[in-house]
Amino acid sequence: MSILKKLFTAVRGGAREAGEAIVDANGIRIFEQEIADAKNALQKAKRSLTEVMAKEMQTSRKIKALEDSIAEHEGYAGQALEQGNEALALEIAEKIGDFETEKAEHEEVLNGFSQHIVTLKQQVKEAEKSIKENQRQLSMVKTTESVQQATMAVNSTLNTNSSSMTSAKASLERIRQRQQDRQDQLGAAKALEAETNGEDLKAKLAQAGIGGSNPKSEDILARIKAKQGN
Amino acid sequence: MELNELSIKLASFETEGVGFESFMIANPEQQDVLQVIVDGNDELPIFVTQTQEQLLCISYLFADEEVKAELKDELNETLLRLNVPIPLSAFAKVDNRYAIFGALSVNSSFDDITHELVTLADNAIEALDAVTPYLND
C-alpha cells in the first residue's frame, strides 16, 4: 500500500492517539534500507554500464580492423589472380576466411554487449525511479511525524498561554481593533504635525485668498508685456 | 537555514512595513518549533517547523467546536475552493483545529521566508474575517 493511502486511512480513522506513529520506526528503517540498497544497485549498474560500453567500443574497433584486413586481402587476391598465381590467391582466400570467422565471433560478442547495455540502462533507470519514489514517500512519513511532534509542542504552548485559547472571533476582533488603533494614531499624528507646521492655517488663509500667494505666470507675463509697451 | 538562526535574523528585521518577534518553543529532544509573531498580532502566531525538505509555516485559525455545525460542510467546501486562489497559503486541519499553512523549500532565502511569513499572517487575518459567518458567536 502506498504511503499516501496509509496516511489517508489513518487520518480518516481519526481516532489515533496523539503522537501515535502512523508508520512505525521499523517501517521507516525499512524504507531507509530500501533507499540505500537502491543506491548501491544504481552505483553497481552504472559501473557495469561504463565497463560494458568500453568493451563494446573495443569490439567495434576490432571488427572495423578485421573488415579493413579483409578488404586489403581481397585486393591482394585480385592481384595474385591477375598474375595468374592461383595457388597464392587460394592461400590469401583462406586467410580471408580466417578473418571472416573471427569477425563473425566478434560480432556475436558485440551483439551480446549491446543487449547488455540496454538491460543495464533499464536497470539504472529503474533504480533511479525507485530511489526517487522511496525518498518521496519517506519525506511524507517524516513530514507527518514532524507535524505531529510540532503539534504536541504547540499544544502544550497554547494550553499554557491562556490568551491563545480564546475563540477565533475574539482574536480577530482584537487584531482588527489593534489595526484600527494604529490607523487612528497615524491619523492623529499627521493632524498634529500639520498643525504644528502651521500648514493648517496656511491652507485656510490661501483658501480665503489672504496672504502672500505665489506669483502666477499670467501676472508675470502681464508685467513683461507692460514693460514692452513702454 | 536553522530555526535558531532564523529567529536571530528576524529579531532585527523589518519588511513590507512589519516587524517580527520569535522564540523557540521548549521541546526537548523533539521537533524544533519556532513561534513567530508578525506585526504584533500574537493572537495568530505562526509556528515554523523544519523537516528534511521543507520549512512548514502553520497558523492555527479555529477549532472544530467553533464552527456552526449546520454550516460545516459548506465551510469545508469553501475552504477547498479558496485553496487555489489564496496566495502562497493553503488551508489544512491539524487534529481538531483548522489551520492555514505555507510550505517552503529548506533552501529558501531569508527574503523568501519573511515574505511567506508576512503573506501567511495577512492571509490568516483575511481568512478569519471571511469565515466569521460560519463560526459560533
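Every read-out reported here was derived from the displayed coordinates using simple, explicitly stated rules and does not represent laboratory data. Since the structure is predicted, the reported quantities are computational estimates derived from the model, not experimental observations. Note: ideal-geometry Cβ built from the backbone for every residue, glycine included; neighbour counts use all protein chains shown.
Data overview
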| item | result |
| --- | --- |
| Selected residue (only one of A:Leu81, A:Leu42 is among the aliphatic types (A, V, I, L, M) and either within 14 Å of chain B (Cβ to nearest Cβ) or farther than 30 Å from B:Gln54 by Cβ (or both)) | A:Leu81 |
| Qualifying residue in the range B:22-35 (condition: in contact with a Lys or Arg (Cβ under 9 Å, 6 or more places away or on another chain) and of a type in the set (Val, Ile, Thr)) | no |
| Condition broken by B:Ile58, with the remaining ones in (1) closer than 30 Å to B:Ser7 by Cα; (2) surrounded by fewer than 21 Cβ atoms within 10 Å (Cβ to Cβ); (3) more than 7 Å from every other protein chain (Cβ to nearest Cβ); (4) of a type outside the set (S, T, N, Q) satisfied | (2) |
| Residues being crowded, with 16+ Cβ neighbours inside 10 Å and not in a helix (DSSP H, G or I) - total across the range A:85-106 | 0 |
| First in the range B:55-78 and over 25 Å from A:Thr143 (Cα atoms), second anywhere and of a type in the set (Phe, Trp, Tyr) and surrounded by 15 or more Cβ atoms within 10 Å (Cβ to Cβ), Cβ under 7 Å, 6 or more apart | B:Val67/B:Tyr134; B:Lys68/B:Tyr134; B:Leu71/B:Tyr134; B:Leu75/B:Tyr134 |
| Sole residue being more than 14 Å from chain B (Cβ to nearest Cβ), surrounded by 15 or more Cβ atoms within 10 Å (Cβ to Cβ) and not basic (Lys, Arg), chosen from A:Val147, A:Val109 | A:Val109 |
| Out of B:Val67, B:Val36, B:Val48, sole residue that is in contact with an Asp or Glu (Cβ under 8 Å, 6 or more places away or on another chain) and either closer than 20 Å to B:Val131 by Cβ or more than 7 Å from chain A (Cβ to nearest Cβ) (or both) | B:Val36 |
| Within the range B:104-133, tally of residues that are crowded, with 19+ Cβ neighbours inside 10 Å and within 12 Å of another protein chain (Cβ to nearest Cβ) | 6 |
| Total residues in the range B:1-42, condition of a type in the set (Gly, Ala, Ser), surrounded by fewer than 20 Cβ atoms within 10 Å (Cβ to Cβ) and outside any loop (DSSP other than H, G, I, E, B) | 3 |
| Count of residues meeting criterion [over 18 Å from B:Ala130 (Cβ atoms), surrounded by 12 or more Cβ atoms within 10 Å (Cβ to Cβ) and not aliphatic (A, V, I, L, M)] in the range A:171-195 | 2 |
